[in-house]
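Here's the structure we're looking at; comments come further down.
The values are calculated or read from the model by the stated rules, or taken from the named source; none is laboratory data. Please read all numbers here as calculations on a predicted model, not as lab measurements. Backbone-built Cβ (ideal geometry, glycine too); neighbour counts: all protein chains shown. When the accessible area is computed, the model is the full protein with side chains, heavy atoms only, and any ligands, DNA or RNA have been set aside. Shrake-Rupley method; radii C 1.70, N 1.55, O 1.52, S 1.80 Å.
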Amino acid sequence: MSVNVYIPTPFRHLVGNRANVKARGETISDLLKDLDTQFPGFKAQVVDSTGERARHINIYVNQVEIENLEGESTKLKDGDEVAVIPALAGGAPTVMTPEMVERYSRHLIMPQVGSAGQRKIIEAKVLMIGAGGLGSPVALYLALAGVGTIGIVDFDVVDRSNLQRQILHQTGDIGKPKVQSASESLLAHNPNINVITHEAPITSDNAFEIISQYDIVVNGADNFATRYLVNDACYLLKKPLVDGSILMFDGQATTYLPGKGCYRCLYPAPPPPGLVPSCAEAGVLGAMCATIGSIQATEVLKLVLEVGEPLVNRLLLYDALSLEFRIVKVRKDPECPLCGDNPTISELIDYEQFCGSPIPHRDDPTGG
């Protein structure tokens with residue numbers, strides 16, 4: 001029987017740094033012997049001093065743990081997929097149930113993710129600023145990926161006009177707080193995650209308290225006062241910030257890492273009030289949210305997995321009408337009052353006064 005075997009990161013040095021290998025055997029026991037013949041030392045990683053399978057090793061056949069089958073006597077057939085999954089050191093290991101292994105199987109077979117990477121995703125804590133147009137696809141894809149803790153800051157209620165683009169909410173949710181609707185939707189998609197809701201506007205008074213609880217922040221705000229506030233709080237707390245914005249047929253996305261520039265380097269000051277319309281004033285193509293939101297979600301997962309090149313010091317511009325993507329370089333401004341060589345901002349300021357417009361409240365939402 002020829003079987004495809006997934007090899008987790010800790011064992012890949014034994015198999016030529018491959019994520020998947022082929023092996024033969026009528027049963028799991030035969031398969032382990034063949035793996036040890038092909039890759040000497042492999043079986044020693046799986047068995048204990050008595051020759052029995054070590055208790056910290058789980059083996060899955062087609063996403064089902066062999067203890068739920070016939071143990072090492074489980075019979076195999078051509079084309080079966082076997083995964084050998086060890087617990088990982090570093091505190092109490094994150095244990096993936098058979099249901100989770102099946103749920104995340106397309107991640108587990110990726111060499112850039114694997115079991116170690118999936119555990120990083122499960123242990124990650126990500127904060128969404130807004131559960132609207134951008135927050136909806138970002139939060140949904142992060143939940144589906146298995147991000148273990150997702151925080152959502154929003155103070156609005158679901159309105160019928162939101163349903164054109166805000167995919168976390170449905171017609172039956174009209175009138176509900178968005179954080180409640182979002183939490184219900186995310187948990188319906190993945191009950192393994194933890195959703196923390198913050199039903200209030202993010203302000204200078206609560207930004208540090210909320211943001212400090214998370215590893216990465218995603219900005220989907222729809223007003224400049226909140227954008228500058230979140231940028232400043234993330235920089236001062238040394239938190240990565242994945243930023244995105246949309247209007248009509250245009251979108252932007254970038255990632256700010258501590259010490260490598262910030263939103264103020266790109267836009268030192270907000271535009272005069274009324275010069276740049278909001279989505280509520282000018283509109284937005286609903287599908288734009290999916291494009292920019294999926295890019296933001298991808299940036300978050302790259303940061304969690306520490307793979308690839310995030311959009312640091314680069315601004316992605318998307319023109320949906322011509323279907324063109326452009327990337328422009330964003331330099332860290334040595335004169336930036338927040339992250340420059342001689343900063344003048346060391347605490348959160350009055351952002352409503354700075355931007356010339358208030359942070360919206362529930363009785364005056366901007367409908368992002």
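Give me the one-decimal nm value for the distance between modelled label points at residue 354 and residue 209, 7 Å along each residue's Cα-to-Cβ direction.
According to this spin-label approximation, the distance is 2.0 nm.
Test of understanding: what is the full-extension gain from residue 52 to residue 323, defined as 0.36 nm times their sequence separation minus their Cα-Cα distance?
The span from residue 52 to residue 323 would gain 91.8 nm if fully extended.
Hey, can you grab everything whose amide H is under 5 Å from the amide H of residue 58? Only 5+ residues off in sequence or another chain; H modelled, so Pro and N-termini drop out.
Placed amide hydrogens put 85, 87 under 5 Å from residue 58.
Excluding ligands and nucleic acids, what accessible area in Å² is computed for residue 241 using a 1.4 Å probe, to the nearest 10?
0 Å²
Can you check what the net charge comes to around residue 314, using other residues whose Cβ is under 14 Å from the Cβ of residue 314 (Lys, Arg +1; Asp, Glu -1)?
+3
Figure the gain on full extension for residue 345 and residue 188 (residue separation times 0.36 nm, minus the Cα-Cα span) and round it to one decimal in nm.
Working: separation 157, 0.36 × 157 = 56.52 nm, distance 4.21 nm.
In short, 52.3 nm is gained.
Which residue, chosen from 196, 46, 69, occupies the Cα position most advanced towards the positive end of the dipole of the chain, where the dipole is computed from +1 (Lys, Arg) and -1 (Asp, Glu) charges on Cβ about the Cα centre?
Checking the options against the dipole of the chain, the answer is 46.
Considering the chain as a Gaussian network with a 10 Å cut-off on Cα pairs, which listed residue, 144, 76, 305, attains the greatest mean-square fluctuation?
Of the options given, 76 has the highest mean-square fluctuation.
Tell me, in nm to one decimal, what length is gained between residue 331 and residue 38 on full extension, where the rule is 0.36 nm per residue of separation less the Cα-Cα distance?
100.4 nm
Please report the antiparallel percentage of the DSSP beta bridges confined to the chain, to the nearest 5. Could you put the intermediate results ahead of the total?
On the way: 32 of 54 bridges.
Expressed as a percentage, antiparallel bridges in the chain total about 60.
Exactly which chymotrypsin sites (Phe, Trp or Tyr not before Pro) in segment 170-252 are in a DSSP loop and have at most 13 other Cβ atoms within 10 Å?
In loop regions of segment 170-252 (DSSP not H, G, I, E or B), there are no sparsely surrounded chymotrypsin sites (Phe, Trp or Tyr not before Pro).
Identify the GluC sites (Glu not before Pro) of segment 1-89 meeting these criteria: DSSP loop state and at most 10 other C-beta atoms within 10 Å of the C-beta.
The qualifying sites are 52.
Please check: in the Gaussian network model of the chain (C-alpha springs, under 10 Å), which one of 337, 86, 310 has the largest mean-square fluctuation.
337
May I ask what percent, to the nearest 5, of DSSP beta bridges between residues of segment 133-262 are antiparallel? Walk me through the intermediate numbers first.
Values: 8 of 16 bridges.
Looking only at bridges with both residues in segment 133-262, the antiparallel portion is about 50 percent.
Determine the dipole magnitude for the chain: charges of +1 sit on the beta-carbon of Lys and Arg, -1 on that of Asp and Glu, nothing else is charged, the reference point is the Cα centre, and the result goes in debye to the nearest 20.
In debye, rounded to 20, the chain gives about 940.
Express the accessible area of segment 112-181 per residue in Å², computed with a 1.4 Å probe while the remaining protein chains stay in the model.
Numbers: 2130 Å² over 70 residues.
Here the per-residue accessible area is 30 Å².
Which residue, chosen from 136, 112, 162, occupies the Cα position most advanced towards the positive end of the dipole of segment 106-256, where the dipole is computed from +1 (Lys, Arg) and -1 (Asp, Glu) charges on Cβ about the Cα centre?
So the residue we want is 112.
If you only keep lysine pairs separated by 8 or more in sequence, or across chains, how many in segment 1-130 come under 17 Å at the Cα atoms?
7
Filter the trypsin sites (Lys or Arg not before Pro) in segment 45-149 down to the DSSP loop ones having no more than 12 other Cβ atoms within 10 Å, then list what survives.
Within segment 45-149, the qualifying trypsin sites (Lys or Arg not before Pro) (loop, at most 12 other Cβ atoms within 10 Å) are 55, 77.
At a 1.4 Å probe, what is the % contribution of carbon and sulfur to the accessible area of segment 173-212?
On the way: 870 of 1790 Å².
Carbon and sulfur: 48 percent of the exposed surface of segment 173-212.
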